[in-house]
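Heads up: the structure comes next, in structure tokens.
Laboratory data are not the source of any read-out in this text; all were calculated from the coordinates shown. All of these numbers come straight from a predicted model, not from anything done at the bench. Quick reminder, even Gly has a Cβ in these numbers, built from the backbone with ideal geometry, and neighbours come from all protein chains shown.
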């Protein structure tokens, strides 16, 4: 048996809630998780950009994940958080989520790929199976893409 075929790869995901759905965000992109705070509005930007915040001297654009994904607008609660993600090309971007639940580790074998996702608006790259149910794995590149 080939030794490489027995190697299992696992990835950690932060599990967040948007409405009643659970979504996983690859933890390697996560820089910080902060409470909701006052944002400075920016004129003439896409409707899903809620504004910018100052995080340790860095101006970070903040996106409504719900609006970007075509869901109902955000309802801010005590559990609402901004997840600060760091991308190589775009730098820091904040994503508003309803709540942050936990960190899970998923083997790549426990993630089912979603059917062909070539069209705009396809934000889930796979579905992970855990003891607590299913977690939709977000395609972060699709979320930060400029197309609405």
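Numbers for the structure displayed
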item: Potential extension, residue 45-residue 79 segment - 0.36 nm per residue separation minus Cα distance; result: 9.6 nm
item: Relative contact order, percent, the chain [alpha-carbon distance under 8 Å, six or more residues apart]; result: 26 percent
item: Per residue convex hull volume, Cα atoms of the chain, in Å³; result: 140 Å³
item: Ellipticity estimate at 222 nm from DSSP helix runs (n ≥ 4, -39,500 (n - 2.57)) divided over the chain, nearest 500; result: -1000 deg cm²/dmol
item: Spin-label pair residue 105/residue 90, simplified geometry with 7 Å Cα→Cβ offset, distance in nm; result: 2.9 nm
